């Protein structure tokens with residue numbers, strides 16, 4: 001993984017970890033449902049941002065390497081699989 005992307009992903013994961021802990025405390029303290037849903041939505045958005053960074057890394061490293069080494073079909077299958085996953089959201 002590229003160092004810059006890895007650093008950003010780890011930082012965002014730590015933030016997400018805090019959001020999840022906060023969400024758990026909100027549930028335990030029986031906070032207002034709308035507040036819980038807003039926090040849950042923020043956590044989902046944070047996870048989506050992490051996925052974007054990991055995909056950026058994959059496309060800019062592994063996929064390029066696969067294409068350069070003659071594994072175009074494997075690269076295309078992986079990109080298509082990610083595309084299909086993104087449509088299920």
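Every number in this text was worked out from the coordinates using simple rules, so none of it is lab data. Computed from a prediction, not measured in an experiment: that's the story for all the values here. Don't worry about glycine lacking a Cβ; one is built from the backbone with ideal geometry, like all the others, and counts go over all protein chains shown.
Residue 52 meets all of the listed conditions (1) under 16 Å from the mean Cα position of the chain (by Cα); (2) more than 19 Å from residue 5 (Cα to Cα); (3) loosely packed, with under 15 Cβ neighbours inside 10 Å but one, namely (2).
Per-residue answers, yes or no, for (1) over 24 Å from residue 86 (Cβ atoms); (2) surrounded by 15 or more Cβ atoms within 10 Å (Cβ to Cβ); (3) touching a strand residue (DSSP E or B) at 6+ places or on another chain (Cβ under 9 Å); (4) touching a residue at least 40 places away in the same chain (Cβ under 8 Å):
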| position | (1), (2), (3), (4) |
| --- | --- |
| 16 | no, yes, no, no |
| 19 | no, yes, no, no |
| 24 | yes, no, no, no |
| 37 | no, no, no, no |
| 44 | no, no, no, no |
| 58 | no, yes, no, no |
| 63 | no, yes, no, no |
| 67 | no, no, no, no |
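Listed conditions (1) under 13 Å from the mean Cα position of the chain (by Cα); (2) exposed (fewer than 15 other Cβ atoms within 10 Å of the Cβ) are all met by residue 12, apart from (2). For the stretch 67-88, the count of residues that are under 15 Å from the mean Cα position of the chain (by Cα) and not in a helix (DSSP H, G or I) is at least one.
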